[in-house]
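The values are calculated or read from the model by the stated rules, or taken from the named source; none is laboratory data. Being a predicted model, the structure only gives us computed values, none of them experimental. Using ideal geometry, Cβ is built from the backbone for each residue, glycine included, and neighbour counts are taken over all protein chains shown.
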Amino acid sequence: MSKVGVVMSREFLATVRRRSYLIVTFGMPFFAALYFGLFGILPAVFMERSGASRKEVGLVDLAGVVRPEEAARAGTAGGDEQDEAAAIASRLARADPRMRAARRILETVSAPVRFRTFASRAEAIAAIGDGTIDRFYMLPADYVASGAVESYQVDDTTLGVAGNRAARSLETLLERSLLAGRLSREVRDRVETPTDAARSSSFLVRPGGAVEPLDEAARLSRVAIPVAFGFLLLMSLMTSAGYMIQGMSEEKESRVIEILLASVRPEELLFGKLLGLGAAGLLQLGVWVSVAGFATSLVVAAALAALDLELFLICLVFFVLGFLMIGSLMTGTGALGTSGRESQQLAALWSVVAVLPPVAVAVPILDDPNGPLARALGWFPLTAPITMMLRCGTGRVPAWDILVSVLCLLAGVFLALRSAAALFRLGLLMYGKRPSLRELARQIRRA
Amino acid sequence: MPTIAFSHLRKSYATTVAADDVTFEVRPGEVFGLLGPNGAGKTTLLRILMDILAPDAGAILVDSRPIERRDRDGFGYLPEERGLYRKERVQDILIYFGMLKGLDRRTARSRARAWLERLDLPGIERRRVDELSKGQQQKVQIAGALLHDPGVVVMDEPFAGLDPLNAVVVKDLLRERSRAGGLVILSTHQMPLVETLCDRVAMIHRGRLVLYGSLQEIRGRHGRPAVLVGLADDVDPGALPCAERIEAQGVLRRIVLKPGARPRDLMEALLARGLAVDHFEVVRTPLEEIFVGTVRGTEGGQDDDRERAGGGGEA
């Protein structure tokens with residue numbers, strides 16, 4: 001095994017055996033589930049259990065605008081968002097029987113609001129009194145002219161899922177009642193749903209004028225792959241840099257570093273550490289993605305079905321080269337810190353430099369992926385990984401352009417590794433001292 | 001085994017000169033001692049030898065050619081301070097160090113076990129470093145330095161933290177390696193160990209080489225003849241013209257002779273004064289005395305006492 005391999009395997013094993021790594025890796029999904037449960041699902045569960053969502057909403061129509069057939073229809077169909085929630089619930093049920101709990105919650109949220117009409121305000125208040133309803137709306141006689149609606153409820157909270165759903169349902173009911181009889185059924189449907197996504201289609205016009213259908217799933221995947229890789233790159237850098245700096249501080253403090261530097265070149269040590277910690281970082285992300293994938297199996301399946309292999313490979317190349325370059329610079333400068341905290345701050349600078357510019361100008365890059373700005377950021381090694389992932393996602397970047405970027409990035413990786421190794425050696429032997437700028441420049445020149 | 005030469009090495013930090021044109025060589029089959037007070041520059045020289053630090057000028061030569069990385073793969077190195085992962089098991093650390101020096105995992109494991117037994121540490125392979133005593137940690141580290149059977153052993157303060165018994169174990173180990181043709185370079189403060197272990201020494205003070213050569217040569221050049229004398233009565237140094245000074249040493253007196261004076265001159269002087277002599281033993285000058293005298297002499301500006309050894313020249 002080469003020395004890089006020995007260092008890599010040691011760093012990987014030492015990291016994955018750390019208690020903190022295990023806690024974060026396996027604890028994160030648990031805490032995420034807990035968080036999601038506490039702030040997302042539990043209120044819906046309680047709402048479902050209490051039966052609050054199934055209660056009817058009272059309606060006192062003094063203006064005489066609500067049509068009885070529309071009120072009855074409102075009991076079987078909700079607003080757009082409720083339709084979406086119901087659609088997701090039914091998709092979940094079809095995809096995975098284990099999703100029963102999630103489905104029930106979504107069905108609860110998406111259950112249509114049923115209206116019960118009362119002749120007068122006093123009658124409705126009496127119904128609240130005996131617990132038949134928790135809220136009612138009253139349309140005053142001048143409602144059509146004024147648009148004023150009075151709302152009565154048992155508690156004084158203005159926020160809450162039930163109240164919002166009832167208000168949205170009332171709007172839909174009023175809209176339909178006001179239009180009923182005045183417009184044909186088709187026109188009324190179009191007013192409600194001007195574009196029906198399920199029946200619409202998109203086409204791509206190629207430079208020669210050829211027209212071809214635009215595959216929505218593929219388009220989603222072309223956006224999702226670069227975004228996923230960009231996110232993965234940032235997360236891997238952050239995670240690995242954290243472990244790297246923790247490990248380096250320990251080696252510096254325990255002086256193991258002298259034995260290591262007496263046996264391997266700083267470049268080999270740095271490279272081995274980067275690969276080992278990168279692998280540990282990816283494993284951690286893999287665990288998270290797998291756990292998250294359990295919850296979103298449909299999305300993953302859809303993404304895989306429409307996977308653009310060529311784009312995937314291009315993004316993978318930029319991911320690996322980007323990780324090596326930015327990771328080595330983070331490690332080199334991180335080694336110069338006199339404390340773990342300072343090292344983290346120094347290291348984090350590089351991730352900001354690498355990620356911020358392309359993200360800040362993402363829209364112009366996507367609009368004109370072969371423009372001068374996109375090309376400049378795509379060829380500059382530090383910003384190349386994220387920029388090229390974004391550019392390649394458009395499918396309009398020529399092969400030679402990608403090749404130039406890869407070559408620039410390779411040169412960047414080489415220079416970054418050499419400089420970082422020099423800084424790494426310098427930083428690791430400066431126990432508790434910070435080197436002067438002159439010394440730094442001298443070391444980098446020597447590298 | 002090769003001859004290793006430190007050739008005109010210079011290394012300075014922001015305000016300190018750690019090596020100032022230092023030149024000496026270490027030969028196969030010898031135990032070479034690098035001596036000097038704290039901060040003299042010994043560790044810097046050893047780090048340059050191990051390529052942990054780069055010199056500002058000068059070079060390390062192996063058989064008259066510049067040292068290469070593969071030469072250093074045959075070196076075993078023990079740094080000045082504990083260099084072990086505190087939370088890890090002894091066996092894992094030794095295997096890692098062995099593999100970095102080119103051993104395969106299985107060989108590294110079996111050698112680690114053998115070395116731990118040799119160093120009276122059987123059965124600690126699975127223990128964590130932070131569960132060991134300071135002396136045990138030092139011996140684990142020595143095992144790590146010798147695991148790949150290096151031809152050249154470089155040790156910075158190898159006896160630090162060892163009790164007298166363990167110091168003897170390590171001393172025997174180093175002697176054994178030099179007898180087998182290996183080359184041992186060590187830095188230490190412990191002069192009695194240097195006297196019994198080292199063949200030749202170099203003394204560094206403020207980054208400069210101030211003494212260099214075999215112990216015999218150094219004593220011949222810098223030592224004053226001295227005699228351990230047992231006397232029934234007190235004696236005034238002024239009454240003995242050949243004596244430079246008289247020091248109490250237990251029940252005996254150590255009389256350091258003036259330059260040019262011989263032990264028989266002292267004996268004649270004592271007898272001439274009718275003093276009863278019940279012990280008379282000619283002794284060598286302790287290295288520590290030469291060491292302290294040289295440091296003081298250098299600090300006092302007596303630079304004429306400094307020896308600049310070049311091209312393997314002797315002191």
State which residue is nearest to A:S351 (Cα to Cα) when the search covers only segment A:247-257 and only residues that are part of a helix (DSSP H, G or I) and within 12 Å of chain B (Cβ to nearest Cβ). A:G247
Name, by its number, the condition in (1) within 23 Å of B:G41 (Cα to Cα); (2) surrounded by fewer than 19 Cβ atoms within 10 Å (Cβ to Cβ) that does not hold for B:R128. (1)
Residues of segment B:135-170 being without any contact (Cβ under 8 Å) to a residue 40 or more places away in the chain and either closer than 24 Å to B:K87 by Cβ or not assigned by TED's automatic domain parsing to the domain that holds B:V26 (or both), in sequence order, are B:G135, B:Q136, B:K139, B:G161, B:L162
Being free of Cβ contacts under 8 Å to residues at least 40 places away in the same chain, closer than 30 Å to A:A421 by Cβ and out of contact with any helix residue (DSSP H, G or I) (no Cβ under 7 Å at 6 or more places or on another chain), is that true of even one residue in segment A:392-402? no
Elements of type helices (runs of 4 or more DSSP H) in segment B:61-119, at least 3 residues being surrounded by fewer than 18 Cβ atoms within 10 Å (Cβ to Cβ): B:69-73, B:105-118
Determine if segment B:77-88 includes at least one residue that is small (G, A, S) and more than 8 Å from chain A (Cβ to nearest Cβ). no
Pairs, first farther than 15 Å from A:M244 by Cα in segment A:10-26, second assigned to a helix (DSSP H, G or I), C-beta under 6 Å, six or more apart: A:T25/A:Q284; A:T25/A:V287
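Of the residues B:L121, B:L94, B:L116, which single one is within 12 Å of chain A (Cβ to nearest Cβ) and at negative phi?
Working: B:L121 fails: within 12 Å of chain A (Cβ to nearest Cβ); B:L116 fails: within 12 Å of chain A (Cβ to nearest Cβ).
None of the other options fit; the residue is B:L94.
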Between residues in segment B:40-52 that are within 11 Å of chain A (Cβ to nearest Cβ) and touching a residue at least 40 places away in the same chain (Cβ under 8 Å) and residues that are buried (at least 24 other Cβ atoms within 10 Å of the Cβ) and in a helix (DSSP H, G or I), which pairs lie under 6 Å by C-beta distance while being six or more apart or on different chains? B:M50/A:A262
Filter pass, B:L231 being farther than 30 Å from B:G36 by Cβ and touching a helix residue (DSSP H, G or I) at 6+ places or on another chain (Cβ under 8 Å): yes
Selection over segment A:258-270 where residues are crowded, with 24+ Cβ neighbours inside 10 Å and more than 11 Å from every other protein chain (Cβ to nearest Cβ) yields a count of 1
Segment A:16-51, subset under 19 Å from A:Q284 (Cα atoms) and among the β-branched types (V, I, T), residue modelled with the highest pLDDT: A:V16
Can you tell me which residues in segment A:393-410 are out of contact with any Leu (no Cβ under 6 Å at 6 or more places or on another chain) and not in a loop (DSSP other than H, G, I, E, B)? A:G393, A:A399, A:W400, A:D401, A:I402, A:L403, A:V404, A:S405, A:V406, A:L407, A:C408, A:L410
